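What follows is calculated from the coordinates using simple rules that are stated; it is not laboratory data. Computed from a predicted structure; not experimentally measured. Positions of Cβ are backbone-derived with ideal geometry, glycine not excepted, and every protein chain shown enters the neighbour counts.
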Amino acid sequence: MRQEPVFIIKTTEGDIKIKLYNETPLHRDNFIKLTSERFYDGILFHRVISNFMNQTGDPLTKDPANASRYGTGGPGYTVPAEISPAYTHKFGAIAAARQGDQVNPKRASSGSQFYIVNTERGANFLDGDYTIFGETIDGFDVVKRIGETDTKYDRPVKEIKIISILPE
């Protein structure tokens, strides 16, 4: 089996090292494609909920004029669900954001938005509903620090930005 790819997410709060699962090849390969295009450079963590998750990946967050639309942007496509009972929303899990079941019954993932579980107790109430395609392997302190930032309506008061996501 091929080695699981490892990436460093450089943020304004520090580095997070993640690995992507080979068992979710559509999500893995899409993430690799986007990072190779430098898609995530300059994107904000636009939704942070303490003791839950840190969400990022919306290209609209590169322009403050789009603030009212943060959370709605993407690359213009979705990724078919690859939900597996083998993976859970543990601390540091990397999962794809998606639209709700009412408008998205097949649970297709956003083409670029993802979240990182920021609490040690996990978020297992989401298990089976979202594609988990990787996990944090180092930088848990950064994940936690982002999750503890001051927010207003779940948006960080101080900008927290992805500087780059590059292969290790």
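Number of residues in region 118-154 that are of a type in the set (Val, Ile, Thr) and touching a helix residue (DSSP H, G or I) at 6+ places or on another chain (Cβ under 8 Å): the value is 3. One residue stands out among those in region 52-73 that are within 17 Å of GLU13 (Cβ to Cβ) and polar (S, T, N, Q): the one that is farthest from the chain's Cα centre (by Cα), which is THR61. Would you confirm, using the coordinates I've provided, whether ILE43 is over 18 Å from VAL117 (Cβ atoms) and surrounded by 19 or more Cβ atoms within 10 Å (Cβ to Cβ)? Taking the combined requirement at face value, the residue satisfies it. For region 60-119, the tally of residues that are in contact with a Leu (Cβ under 9 Å, 6 or more places away or on another chain), crowded, with 17+ Cβ neighbours inside 10 Å, of a type in the set (A, V, I, L, M, F, W, C) and closer than 16 Å to ARG155 by Cβ stands at 0.
Of the residues making up region 10-23, those that are assigned to a strand (DSSP E or B) and either more than 24 Å from ALA86 (Cα to Cα) or over 13 Å from the mean Cα position of the chain (by Cα) (or both) number 4. Residue pairs whose Cβ atoms lie under 7 Å apart, sitting 6 or more positions apart in sequence or on different chains, and linking a residue in region 130-154 that is under 13 Å from PHE114 (Cβ atoms) to a partner that is of a type in the set (Ser, Thr, Tyr), are THR131/THR24; THR131/SER109; ILE132/TYR87; PHE133/TYR21; PHE133/THR24; GLY134/TYR21; VAL143/THR136.
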